[in-house]
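Here, each number is a calculation from the coordinates, and none is a lab measurement. Keep in mind it's a predicted model, so treat the numbers as computed, not measured. Quick reminder, even Gly has a Cβ in these numbers, built from the backbone with ideal geometry, and neighbours come from all protein chains shown.
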Amino acid sequence: AGRANILIFPDLDAGNIGIKLVQNFAKASSCGPLLQGFRKPVSDLSRSAPVEDIVAVVSMLSICAQNA
């Protein structure tokens, strides 16, 4: 009950597809993907990622790195 603000996908391909769907149909913004299970914060951005997405991911990784 409520609005989702975190989406979890089984793999990177499904995540990329899901994020593009949400961005296009819901006019939503996204930050990610942020990969789990590594010693340090990791992201895997698309080569076609816009500058706004890159800035958002770098900001999130910076925050995660401070807490690691």
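Among 27-36, 6-15, the peptide with the highest mean count of other Cβ atoms within 10 Å heads the list, and the full ranking is 27-36, 6-15. For the chain, the longest principal axis of the Cα atoms and the long axis of helix 12-26 meet at an angle of about 50 degrees.
With the contact rule set at Cα under 8 Å and sequence spacing of 6 or more, what percent relative contact order holds for the chain? Result for the chain is 22 percent.
With Rh defined as the Kirkwood radius, the inverse of the mean 1/r over Cα pairs, the Rg/Rh of the chain is 0.96. From helices alone, the chain scores -15500 deg cm²/dmol at 222 nm; the rule is -39500 (n - 2.57) for each run of n ≥ 4 DSSP H residues, then divide by the residue total. To the nearest ten degrees, helix 51-67 and the longest principal axis of the Cα atoms of the chain are 50 degrees apart.
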